[in-house]
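> One structure follows; several queries about it will come next.
The values are calculated or read from the model by the stated rules, or taken from the named source; none is laboratory data. Keep in mind it's a predicted model, so treat the numbers as computed, not measured. FYI the Cβ positions are ideal-geometry reconstructions off the backbone, even for glycines, and counts take in every protein chain you see.
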Amino acid sequence: MTATEPDRGRAAQPPSADRPRARRRRTLTQKDARTGLALMSPTLIIVLTVVVLPLIWAVVISFQELTLIQIGTADPFSGFTLENYERVLRSGALWASLATTIGYTIGSVVLVVFLGTVAALVVRRPFRGRTLVRAAFLLPYVAPVVAVTFVWRIMLNPEFGIVNEFGQNVLGWDEPIPFLTQAVAHWKFLGLSIPVPTALLTVIAFEGWRYFPFAFLFIMARLEGMSREPEEAALVDGAGPWQTFRYIVWPQLVPIIGVLAVLRTIWTFNEFDDIFLLTGGAAGTQVASVLVYELLTVQRNVGAASAMSVVLAVLLIVMLGVYVLIMRRRGESL
Amino acid sequence: MTTATASAAVAEAAGARALKPRRRPPAARRQRAALGILRWVTIALFLVATLLPFLYMLLLSVRPIESLLRNPSQILPSLDELTLETYRDVLAPVADGGQGFLTFLGNSAIVAISSVVLALLIAIPGAYAISRLPFIGRRQVSALFLATYLFPAIIIAIPLFVMFTRIGLRGSLAGLVIVYLAQTVPVAIYMIRNYFQTVPESVEEAGLMDGLSRLGVLRRITLPLSLPSLMATGLFVFMIAWNEFLFALLFLVDKRPLWTVSLGLSQLSGSIEVPTTVLMAGSVVLTLPIIILFFLTERLLTGGLTAGAEKG
């Protein structure tokens with residue numbers, strides 16, 4: 001189709017008429033460029049004013065010593081100090097919450113990807129009611145976070161929650177487990193006492209429950225796009241189910257799982273709602289974003305809160321940078 | 001987990017043996033049968049895990065609180081104690097002794113619907129520009145969008161809080177809509193762009209040649225062709241706006257008449273005065289619109305989000 005215009009032009013006009021056509025062409029491209037920028041501008045304005053500008057401002061604040069009331073009235077370009085960073089980096093709170101965040105992130109990402117893969121594999125072959133089953137699997141992800149955290153809190157409640165009732169009546173637990181308020185439990189096993197971070201594990205389990213549909217969705221899409229032929233050939237050659245999975249299906253899933261793991265890592269690392277609503281950051285679940293919230297609202301220390309979130313963002317960027325480097329080294333594209 | 005790995009190990013061993021005779025031995029067939037059973041067990045477990053919390057929510061919401069406290073291990077309420085009083089309590093305005101969730105529902109609806117309309121109005125031209133028009137900085141824009149997702153939302157909350165307080169947007173639903181737009185438009189552009197790219201450029205060029213302007217092409221040709229993806233995108237924005245919690249908390253916490261349902265439920269679930277079963281009714285009210293929308297459009301939504309993922 002693109003070729004039609006010049007062809008027609010050449011047929012109708014002698015070659016000497018080349019120049020005006022070239023000019024018209026260029027102005028069309030220029031016009032398109034201008035239209036493009038115009039069409040893009042509402043988005044750019046919103047993102048720049050509501051995301052980029054506040055980001056830059058947050059970085060500036062992190063180098064100033066201000067209280068919540070002073071912000072906005074104080075000169076935004078004066079009084080620079082490293083005190084916030086010094087205080088944040090020296091305090092044990094940052095490192096403790098970072099350790100929690102990292103454990104929480106690794107645990108949830110692994111669980112999400114594992115559950116998502118298993119769920120996608122079991123509904124791969126068509127069966128009656130498959131559409132409904134798939135929709136049901138997606139429910140935890142689409143339901144409002146406030147509602148599902150509330151139900152989980154009630155279900156896990158030590159006094160009247162259904163989980164503890166079930167545990168005590170059916171599984172024979174001696175006493176109810178305070179899933180969301182107990183920092184550490186000691187499991188007796190072969191005469192050893194093993195410390196178990198109850199609340200943290202519960203929050204990770206919630207994360208797995210809530211976000212496995214996300215992984216499920218993408219892995220399912222990938223499975224559906226796969227050609228069946230290699231698997232059928234393997235079946236003819238006598239490969240078992242595990243071999244087929246290990247050598248044919250899995251290698252095709254690795255790229256999408258890599259992308260999922262990166263996305264989930266970024267989002268889990270910054271996760272706030274789930275933990276805040278489940279435990280409020282108590283019982284050994286104070287991840288970094290909850291700590292920032294606390295610095296901001298309880299201690300009202302804006303500078304420290306900003307410094308803390310800048311440290312987090314830098315850490316995330318470094319981790320992603322390392323990941324990209326490793327991928328490049330392996331010769332894989334992202 | 002352990003059974004799965006064990007059977008998998010057995011399967012591998014058997015499979016290795018099976019390679020030589022090029023014929024399926026009974027062992028492999030037995031494994032396939034076992035895997036078939038395991039598959040159904042897994043599906044059942046997943047269904048229980050995903051559905052049970054919602055069922056529990058629904059069943060608790062129609063019981064009086066005394067019944068729950070008296071007999072917590074009973075899941076199904078007995079027929080004579082079934083009540084809709086909880087729903088009356090949660091929906092009625094505060095003046096009538098209720099919790100005012102009807103107002104909250106209205107607020108959530110206003111916020112979510114305006115976010116959808118505005119996000120589409122902003123994202124459609126943007127997506128068209130990114131997929132078709134060679135403007136300066138086209139490539140950098142995508143990088144910019146990606147970068148915004150690296151930072152925790154709470155980091156921009158601090159300056160936004162101050163900015164919006166200054167210009168009087170903080171205690172208003174409009175301020176919330178603006179934040180949701182910033183959060184959803186980049187993803188919306190990505191979703192719509194994926195679809196625009198499947199519209200053949202030649203169709204558009206035909207339109208251009210017939211004298212349509214770029215905007216005319218977008219309105220008359222590209223948009224009608226991408227209606228399903230627009231609906232999927234709209235739904236996505238609706239869900240984000242309806243479910244959002246953090247910014248609603250930061251901007252509106254001291255203005256009860258403007259609370260969204262999410263904020264209302266989270267605030268009231270912290271207090272002891274409101275009975276759990278009434279709050280469960282509130283959870284149902286909060287969750288139901290999303291679930292209904294989702295079941296009506298599940299196919300559209302799942303297709304829209306993962307478009308392009310098939311190729312890995």
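> A:Leu295 passes all but one of (1) of a type outside the set (S, T, N, Q); (2) surrounded by fewer than 18 Cβ atoms within 10 Å (Cβ to Cβ); (3) part of a helix (DSSP H, G or I); which number fails?
Condition (2) is where A:Leu295 drops out.
> Let me ask another. Do we have any residue at all in the stretch A:208-226 that's in a loop (DSSP other than H, G, I, E, B), crowded, with 16+ Cβ neighbours inside 10 Å and at pLDDT 80 or above? Full working, then the answer.
Kept after step one, since they are in a loop (DSSP other than H, G, I, E, B), are these residues of the stretch A:208-226: A:226.
Then drop every residue that is not crowded, with 16+ Cβ neighbours inside 10 Å, which leaves A:226.
The next check asks that each one be at pLDDT 80 or above; those that pass are A:226.
Looking for residues that are in a loop (DSSP other than H, G, I, E, B), crowded, with 16+ Cβ neighbours inside 10 Å and at pLDDT 80 or above, one finds at least one in the stretch A:208-226, hence yes.
> While we're looking at this one, here's another question. Would you check which residues across the stretch A:142-167 are among the aliphatic types (A, V, I, L, M) and more than 7 Å from chain B (Cβ to nearest Cβ) and list them? Steps first, please.
Taking the stretch A:142-167 first, the residues among the aliphatic types (A, V, I, L, M) are A:142-143, A:145-148, A:151, A:154-156, A:162-163.
Matches in the stretch A:142-167: A:Leu156, A:Val163.
> OK, next. Which is among the β-branched types (Val, Ile, Thr) and within 21 Å of A:Tyr293 (Cα to Cα), of B:Val141, B:Val162? Give the derivation first.
Values: B:Val141 fails: within 21 Å of A:Tyr293 (Cα to Cα).
So the residue among B:Val141, B:Val162 that is among the β-branched types (Val, Ile, Thr) and within 21 Å of A:Tyr293 (Cα to Cα) is B:Val162.
> Hey, which of the helices (runs of 4 or more DSSP H) in the stretch B:96-194, taking only ones fully inside, have at least 2 residues that are among the small types (Gly, Ala, Ser) and under 18 Å from A:Thr49 (Cβ atoms)?
Numbers: elements: B:101-132, B:138-148, B:153-166.
In the stretch B:96-194, B:101-132, B:153-166 are the helices (runs of 4 or more DSSP H) which contain 2 or more residues that are among the small types (Gly, Ala, Ser) and under 18 Å from A:Thr49 (Cβ atoms).
> Restricting attention to the stretch A:185-197, which residues are within 25 Å of A:Ile275 (Cβ to Cβ) and over 27 Å from the mean Cα position of the chain (by Cα)? Talk me through it step by step, then tell me what you get.
Kept after step one, since they are within 25 Å of A:Ile275 (Cβ to Cβ), are these residues of the stretch A:185-197: A:185-187, A:194-197.
If the condition is that a residue be within 25 Å of A:Ile275 (Cβ to Cβ) and over 27 Å from the mean Cα position of the chain (by Cα), then A:Ala185, A:His186, A:Trp187, A:Ile194, A:Pro195 are the ones that fit.
> What pairs can you find where one residue is in the stretch B:31-57 and facing chain A (nearest Cβ under 7 Å) and among the basic types (Lys, Arg), the other is surrounded by 13 or more Cβ atoms within 10 Å (Cβ to Cβ) and in a helix (DSSP H, G or I), and their Cβ atoms are less than 8 Å apart, with a gap of 6+ or different chains?
So the pair list comes out as B:Arg32/A:Pro241; B:Arg39/A:Val122.
> Quick check on this structure: which one of A:Glu5, A:Glu83 is among the acidic types (Asp, Glu), modelled with pLDDT of 65 or more and over 25 Å from B:Tyr190 (Cβ atoms)? Lay out the reasoning, then the answer.
Details: A:Glu5 fails: modelled with pLDDT of 65 or more.
From the options A:Glu5, A:Glu83, the qualifying one is A:Glu83.
> It is to be established whether one or more residues within the stretch B:100-107 are touching a residue at least 24 places away in the same chain (Cβ under 8 Å), within 7 Å of chain A (Cβ to nearest Cβ), over 21 Å from the mean Cα position of the chain (by Cα) and over 30 Å from A:Ala304 (Cβ atoms). Lay out the reasoning, then the answer.
Here is the first cut: in the stretch B:100-107, the residues touching a residue at least 24 places away in the same chain (Cβ under 8 Å) are B:100-101, B:103-105, B:107.
With within 7 Å of chain A (Cβ to nearest Cβ) added as a condition, the list becomes none.
Checking the stretch B:100-107: not a single residue is touching a residue at least 24 places away in the same chain (Cβ under 8 Å), within 7 Å of chain A (Cβ to nearest Cβ), over 21 Å from the mean Cα position of the chain (by Cα) and over 30 Å from A:Ala304 (Cβ atoms).
> Has the stretch B:210-230 got any residue that is hydroxyl-bearing (Ser, Thr, Tyr), at negative phi and at pLDDT 85 or above? Walk me through it before giving the result.
So the first thing to find is which residues in the stretch B:210-230 are hydroxyl-bearing (Ser, Thr, Tyr), and the list is B:213, B:222, B:226, B:229.
After this cut, where a residue has to be at negative phi as well, the list is B:213, B:222, B:226, B:229.
Adding the requirement that they be at pLDDT 85 or above leaves none.
No, the stretch B:210-230 has no match at all.
> If you don't mind, another one. Only residues that are part of a helix (DSSP H, G or I) and either farther than 17 Å from A:Tyr211 by Cα or not assigned by TED's automatic domain parsing to the domain that holds A:Trp209 (or both): list them for the stretch A:134-193, please.
Quick first cut of the stretch A:134-193, residues part of a helix (DSSP H, G or I) only: A:134-142, A:145-155, A:162-169.
Those that are part of a helix (DSSP H, G or I) and either farther than 17 Å from A:Tyr211 by Cα or not assigned by TED's automatic domain parsing to the domain that holds A:Trp209 (or both): A:Arg153, A:Ile154, A:Met155, A:Ile162, A:Val163, A:Asn164, A:Glu165, A:Phe166, A:Gly167, A:Gln168, A:Asn169.
> Sticking with this one: Inside the stretch A:270-328, can you point out the residues that are of a type in the set (D, E, K, R), within 10 Å of another protein chain (Cβ to nearest Cβ) and in contact with a Leu (Cβ under 7 Å, 6 or more places away or on another chain)?
A:Asp273
> Name the pairs: first residue in the stretch A:313-325 and surrounded by 13 or more Cβ atoms within 10 Å (Cβ to Cβ) and in a helix (DSSP H, G or I), second residue of a type outside the set (Gly, Ala, Ser) and at pLDDT 85 or above, Cβ to Cβ under 6 Å, at least 6 apart or on different chains?
Listed by first residue and then by second, the contacts come to A:Leu316/A:Phe269.
> Of the residues B:Glu205, B:Glu201, which single one is surrounded by fewer than 23 Cβ atoms within 10 Å (Cβ to Cβ) and free of Cβ contacts under 8 Å to residues at least 40 places away in the same chain?
Numbers: B:Glu201 fails: free of Cβ contacts under 8 Å to residues at least 40 places away in the same chain.
Step by step, each of B:Glu205, B:Glu201 is checked, and only B:Glu205 is surrounded by fewer than 23 Cβ atoms within 10 Å (Cβ to Cβ) and free of Cβ contacts under 8 Å to residues at least 40 places away in the same chain.
> Do you know which residues across the stretch B:247-284 are of a type in the set (S, T, N, Q) and closer than 26 Å to A:Glu271 by Cα?
Taking the stretch B:247-284 as the starting set, the residues that turn out to be of a type in the set (S, T, N, Q) are B:260, B:262, B:266-267, B:269, B:271, B:276-277, B:283.
B:Thr260, B:Ser262, B:Ser266, B:Gln267, B:Ser269, B:Ser271, B:Ser283, listed by residue number.
> Among the residues of the stretch A:227-243 satisfying the criterion of being out of contact with any Gly (no Cβ under 8 Å at 6 or more places or on another chain) and of a type outside the set (D, E, K, R), which is surrounded by the most Cβ atoms within 10 Å (Cβ to Cβ)?
Start the filter on the stretch A:227-243 by keeping residues that are out of contact with any Gly (no Cβ under 8 Å at 6 or more places or on another chain), which leaves A:227-237.
Filter once more, so that each one left must be of a type outside the set (D, E, K, R): A:227, A:230, A:233-236.
Numbers: A:Ser227: 8, A:Pro230: 14, A:Ala233: 12, A:Ala234: 20, A:Leu235: 17, A:Val236: 10.
Going through the qualifying residues, I end up with A:Ala234.
> Being surrounded by 12 or more Cβ atoms within 10 Å (Cβ to Cβ) and within 12 Å of chain B (Cβ to nearest Cβ) narrows it down to one of A:Ala183, A:Ala93, A:Ala135, so name that one.
Residue meeting the stated conditions: A:Ala135.
> I've got another one for you. Considering the stretch B:238-286 alone, what residues qualify as being over 29 Å from A:Gly161 (Cα atoms) and not aliphatic (A, V, I, L, M)?
Answer for the stretch B:238-286, where residues must be over 29 Å from A:Gly161 (Cα atoms) and not aliphatic (A, V, I, L, M): B:Phe238, B:Phe247, B:Phe251, B:Asp254, B:Lys255, B:Arg256, B:Pro257.
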